[in-house]
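Asks: Here it is: the structure, laid out below.
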Amino acid sequence: MTTSENWQLFIHNRRHNHKIVVYSHGHAQSARLTEEQLQQTEQCRKSHVPLRNILRFFREQDFPEIYNVVAKIKRCRMQGRNTVEEVLRLSAERGYTVFYRNGEDNNVLSDIVVAHLTSIAMIRTWPYVLIMDTTYKTNKYNMPLLECVEMTPTGKNFTVTTTFMCNEQATTYK
């Protein structure tokens, strides 16, 4: 018997207090992907297959634990970089122009604007209708997301810039 001020613990039998599990569904060991499944998942993500389709494929094979695997693949691909560093790297790699601003009193990222070179060329061609819309607290940093969309003369829309801002004050838009 072990005693403390408020609790008493009685140990009647030092062996397991339950029968050995025969049905292991839901345990971490049985929920792991095989090497083949891991390679299939990684190949699907490289091919930009939506996660819901990958999940549907594995559900048919009785494997619902795909979200953790995809998160692990992303972490491996980031190679120790944080989210902002990864955005900057991928943007440069894929031909996007990135503008960012740090806070005045500290070195913390306050605003980041991402635009593709093709979008910049298109807005210079058709600078007539620019639609701006902000969504609030839809990301893990709770930063407003400003999206600027342009409309071509043929009625097609395209994204000009995507911007994460620290706030929506007038000085932020300058």
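The values are calculated or read from the model by the stated rules, or taken from the named source; none is laboratory data. Everything numeric here is computed off the predicted structure, so don't read it as measured data. Positions of Cβ are generated from backbone atoms using ideal geometry, with glycine treated the same way; all protein chains shown enter the neighbour counts. These area figures cover heavy atoms from the full protein model, side chains too; ligands, DNA and RNA do not enter into them. Shrake-Rupley method; radii C 1.70, N 1.55, O 1.52, S 1.80 Å.
Asks: Given the range 38-174 reduced to its alpha-carbon atoms as identical point scatterers, what log10 I(q)/I(0) does the Debye formula return at q = 0.12, 0.15 Å⁻¹?
Replies: The calculated log intensity ratios at q = 0.12, 0.15 Å⁻¹ are -0.68, -0.95.
Asks: A further question on this structure: For Leu130, Leu145, give the ranking by accessible area with the largest first, probe 1.4 Å.
Replies: Correct descending sequence by accessible area is Leu130, Leu145.
Asks: Let me ask something additional. Could you tell me the convex hull volume per residue, in Å³, taken over the Cα atoms of the range 75-139? Spell out each step's value before the answer.
Replies: Working: hull volume 8.4 nm³, N = 65.
In the range 75-139, the Cα hull volume divided by residue count equals 129 Å³.
Asks: While we're here: May I ask you to list the GluC sites (Glu not before Pro) in the range 39-126 that are in a DSSP loop and have at most 15 other Cβ atoms within 10 Å of their Cβ? Display every interim value, and only then the final one.
Replies: Values: sites: Glu42, Glu60, Glu65, Glu85, Glu86, Glu93, Glu104; in loops: Glu65, Glu104.
Here the GluC sites (Glu not before Pro) that fit, given the DSSP loop and packing criteria, are Glu65, Glu104.
Asks: Separate question: With every protein chain left in place, what is the accessible area of Tyr96 in Å² (1.4 Å probe, nearest 10)?
Replies: 100 Å²
Asks: On to the next question. Using θ = phi - 60° and the Karplus relation 6.51 cos²θ - 1.76 cosθ + 1.60, list the HN-Hα couplings for the range 86-95 in order, rounded to whole Hz, with x at every Gly or Pro.
Replies: Rounded to whole hertz, the list is 5, 4, 5, 5, 5, 4, 5, 5, 9, x.
Asks: Give me the accessible area of Met143, 1.4 Å probe, in Å² rounded to the nearest 10.
Replies: 40 Å²
Asks: At a probe radius of 1.4 Å, what is the per-residue accessible area of Cys76, in Å² to the nearest 10?
Replies: Counting only protein heavy atoms, Cys76 exposes about 90 Å² to solvent.
Asks: Let me ask something additional. Using 0.36 nm per residue, how much length does the chain from Phe99 to Gln39 gain when fully extended, once their Cα-Cα distance is taken away?
Replies: Residue separation times 0.36 nm, minus the Cα-Cα distance, leaves 18.0 nm.
Asks: May I ask you to evaluate 6.51 cos²θ - 1.76 cosθ + 1.60, the Karplus curve with θ = phi - 60°, for each residue of the range 37-49 and list the ³J(HN,Hα) values in order in whole Hz, giving x for glycine and proline?
Replies: 5, 5, 5, 4, 5, 5, 5, 4, 5, 5, 8, 6, 6
Asks: Please go through the range 107-159 and write out the trypsin sites (Lys or Arg not before Pro) that DSSP classes as loop and that have at most 14 other C-beta atoms within 10 Å. Mind showing how you got there, number by number?
Replies: Details: sites: Arg124, Lys137, Lys140, Lys156; in loops: Lys137, Lys140, Lys156.
Those satisfying the criteria are Lys137, Lys140, Lys156.
Asks: If you don't mind, another one. Given Lys140/Lys174; Lys72/Lys174; Lys74/Lys174; Lys72/Lys137, which pairs have Cα atoms separated by over 32 Å?
Replies: Listed pairs above 32 Å: Lys72/Lys174; Lys74/Lys174.
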